[in-house]
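The structure under discussion appears below in the form of C-alpha cells.
The numbers here are math on the coordinates, done by the rules we state, and not lab data. This structure is a prediction, so every number in the text was calculated from the model and none was measured. Positions of Cβ are generated from backbone atoms using ideal geometry, with glycine treated the same way; all protein chains shown enter the neighbour counts.
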Amino acid sequence: MTRLSLKLLLALWVMTNVALAETDQMAALSKTAAAGDAVAQNNLGERYANGDGLPKDAQEALNWWRKAAEQGNKYAQYNLGVAYADGFGVKSDVTAAVVWWRKAAEQGQPLAQTNLARFCYLGIGTPKDVSQAMSWWRKAAAQGDSLAQSSLGAIYAKGSGVPKNTPEALKWYRMAADQGDVDAQFRLGLLYKLGDGIPKDVVQASIWFGIAGSRGHKEAERNLDLLVREMTAEQKAESMKVAREIAERPRKQ
C-alpha cells in the first residue's frame, strides 16, 4: 500500500470517528433536552437555529427555546425574544420580544438588557421610557456589554433624552472602544477632534481614527486623512507610538 493510500485511509478513519462522536453527542443532547433539562433545551434550540449538527429548522429551534424559556432559562428567553423581534420561524411580534427580553434582563442577561433598553428608548413594543432605557443600558454596560457602553456614549454625546454630557460620553465610548467596538473607536475620535465639552486633542483623535480605520471604518479613514494634514511631525510620531501601545494591549473583556 502506498504512503498516499495510507494517508487517505487515516483521513477517512478520523472523519468517520468524528462524525460518529458528533452523532453520539447530538443523541445525548436530545435525550437530555427531552428529559426536561433547560440548558440542554436551549442548546438544542441553538443547534437547530444555526444548522449546527442538525438540519436548520426554525420551528424546532423555537420549540426548544420556548420549553427552556418557560422554565426560566435566561438564555432561551433572550433567544426567543430575538426570534420574535426578527420574525425567525414566527410572525414578527415586537411586544412579545419585549416580554421575553424583560424576563431575561431581570435575571441579568446583558444582551437582553441592551435590546430591551433600545426598545424602551425608541418606544418599540413598549411605551417610550428613556429613564428605564438608561437603567437597562447601565446594567448591561456594567457587565461589560460594549454595545450598551457605546449606546450610553451616543446618548450623552447627543443629549438625546438626557442632558448632554461630553465627558460622560467619552467615558462610555472609551470603555466600548477598549473592547474593540469599531464605531465607538470612531466616535471617540470625533469627540477628541471636535473638542466640544472636552479639550480638543488631535493626537488622540488621530489614534482612534487610525484604529477604527485599520479595521475597515471608511469614515474614520477619511477623517484621519484630513486630520494628519494639520498635525506636526511630533504629533504624528506621538500618535503612532500610542496607537501601537493600544494595539498591543490585551483587549478588555
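Rounded to the nearest whole Hz, the Karplus-based 3J(HN,Hα) values (6.51 cos²θ - 1.76 cosθ + 1.60, θ = phi - 60°) of the range 65-82 follow the sequence 4, 5, 4, 5, 4, 5, 8, x, 6, 5, 6, 5, 4, 4, 4, 5, x, 4, with x at glycine and proline. Listed peptides 131-139, 151-159, 211-219 appear in the order 151-159, 131-139, 211-219 once ranked by packing, highest mean of other Cβ atoms within 10 Å at the front.
Note on the chain: GNM, Cα springs under 10 Å; of 174, 47, 102, the largest mean-square fluctuation is that of 47. At q = 0.09, 0.11, 0.13 Å⁻¹, what is the base-10 log of I(q)/I(0) for the chain according to the Debye formula with one equal point scatterer per Cα and no solvent? Please give it to two decimals. Taking Cα atoms of the chain as identical point scatterers yields -0.59, -0.77, -0.91. Within a straight-line Cα-Cα reach of under 17 Å, residue 171 can be paired with the following aspartates and glutamates, leaving aside sequence neighbours fewer than 8 residues apart in one chain: 145, 181, 183, 196, 201. The residue list 51, 82, 141 was ranked by how far each Cα lies along the charge dipole of the range 38-143 toward its positive end, using unit charges on Cβ atoms, and 141 comes out on top.
In debye, nearest 20, what is the charge dipole magnitude of the chain about its Cα centre with +1 on Lys and Arg Cβ and -1 on Asp and Glu Cβ, if you could check? Mind showing how you got there, number by number?
Values: 32 positive and 27 negative charges, 46 e Å.
Its charge dipole is roughly 220 debye.
Size of the range 38-143: Rg and Dmax of its alpha carbons, in Å, are 13.6, 43. With the biggest extent put first, the Cα atoms of the range 145-253 measure 41, 29, 22 Å across the principal axes.
Which aspartates and glutamates, on any chain, are close to residue 200 with Cα under 16 Å apart, when same-chain ones fewer than 8 places away are left out? Straight-distance partners of residue 200: 168, 230, 238.
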